[in-house]
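First the structure, in the form of structure tokens, and then the observations on it.
The values are calculated or read from the model by the stated rules, or taken from the named source; none is laboratory data. Model, not experiment: these values are computed from the prediction. Neighbour counts run over all protein chains shown; Cβ positions are idealised from the backbone, glycine included. Heavy atoms of the whole protein, side chains included, go into the accessibility calculation; ligands, DNA and RNA do not. Shrake-Rupley method; radii C 1.70, N 1.55, O 1.52, S 1.80 Å.
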Amino acid sequence: MTERSENYKGSKWRKWDLHVHTPFSIYQRFGNNDAETWEKYITDLEALPADFAVIGINDYLFLEGYAKLKHEQDTNSRLTNLKLLPVVEFRIDKFAGINFEQLKRINLHVIFSDDVSAETIQSQFLNTLEQSYFLEAGTPWTRAITPQSVEELGKQIKSNIPTTELHKYGSDLTEGFNNLNVKEDEIF
């Protein structure tokens, strides 16, 4: 039997979580998108056990949450215990399930290297995605996917809802998002 060097460490296991939403995410359970919520959120991430090494900052359609955390890391020396990866989550135009009445949307997650800046992902990937719909009124909606365009879609959808039913609907952004299914081939 050979003697091992004192420097021998073997495998080192690290925990990765590639599906971490932020207070910027359209759907999240952290609270309001304000300074107090963000401080608690960042403090909680910094308090993760040391075996957490990588987290994927995963907000639907957009990168604002990732950009904010990278700024905190690079400028304010926060979250130095973690490698952050940008992840963009899309609801695609496919559904799955056994029972037809209970079909669920399929979400596609695109994980980027942290060597690719949020600005590059935005300009070279997200800004090139375009979605088209014909609304109930027969008017077309074709836009690049931005927070403003998704909000506009929601507003247009809600404009066809009777005012007595509007209380059942969320914000314009939420309703636009709820109705936006991105074509898988556009993403690829």
Where the stretch 71-127 is the region considered: accessible area per residue in Å², 1.4 Å probe: 62 Å²
Lys155 versus Asn179: modelled label distance in nm, points set 7 Å from Cα along the beta carbon direction: 1.4 nm
Cα Rg over Rh - the stretch 56-188, Kirkwood: 1.03
Qualifying trypsin sites (Lys or Arg not before Pro) in the stretch 5-65, DSSP loop, other Cβ atoms within 10 Å at most 13: Lys9, Lys12, Arg14, Arg29
Accessible carbon and sulfur surface of the chain relative to its total accessible area, %, 1.4 Å: 51 percent
Distant-in-sequence amide H partners of Tyr60 (H built 1.01 Å from N, under 5 Å): Ile26, Tyr27, Glu89
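How about the stretch 6-40: which GluC sites (Glu not before Pro) there are in a DSSP loop, with at most 15 other Cβ atoms within 10 Å of their Cβ?
Numbers: sites: Glu6, Glu36, Glu39; in loops: Glu6.
Within the stretch 6-40, the qualifying GluC sites (Glu not before Pro) (loop, at most 15 other Cβ atoms within 10 Å) are Glu6.
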Cα→Cβ-extended label distance, 7 Å offset, between Ala144 and Ile106, nm: 2.8 nm
C-alpha long axis of helix 35-46 to longest principal axis of the chain, angle in °: 40 degrees
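Got the relative contact order for the stretch 129-183 handy, in percent, Cα pairs under 8 Å and 6 or more residues apart? Numbers along the way, then the final one.
Values: 68 pairs, mean separation 18.2, N = 55.
Reported as a whole number, the value is 33 percent.
Can you give the Kirkwood hydrodynamic radius for the stretch 18-59, in Å, rounded to one decimal and based on Cα pairs?
On the way: mean 1/r = 0.0915 Å⁻¹.
Value: 10.9 Å, from the Cα pair sum.
Near Ser149, within a Cβ-to-Cβ distance under 12 Å, what is the net charge of the other residues, with Lys and Arg +1 and Asp and Glu -1?
Local net charge: -2.
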Counted charge near Ile92, where neighbours are those whose Cβ lies closer than 13 Å (Asp, Glu -1; Lys, Arg +1): 0
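Counting only DSSP beta bridges with both residues in the chain, tell me the antiparallel percent, nearest 5.
Numbers: 12 of 24 bridges.
Within the chain, antiparallel bridges account for around 50 percent of the total.
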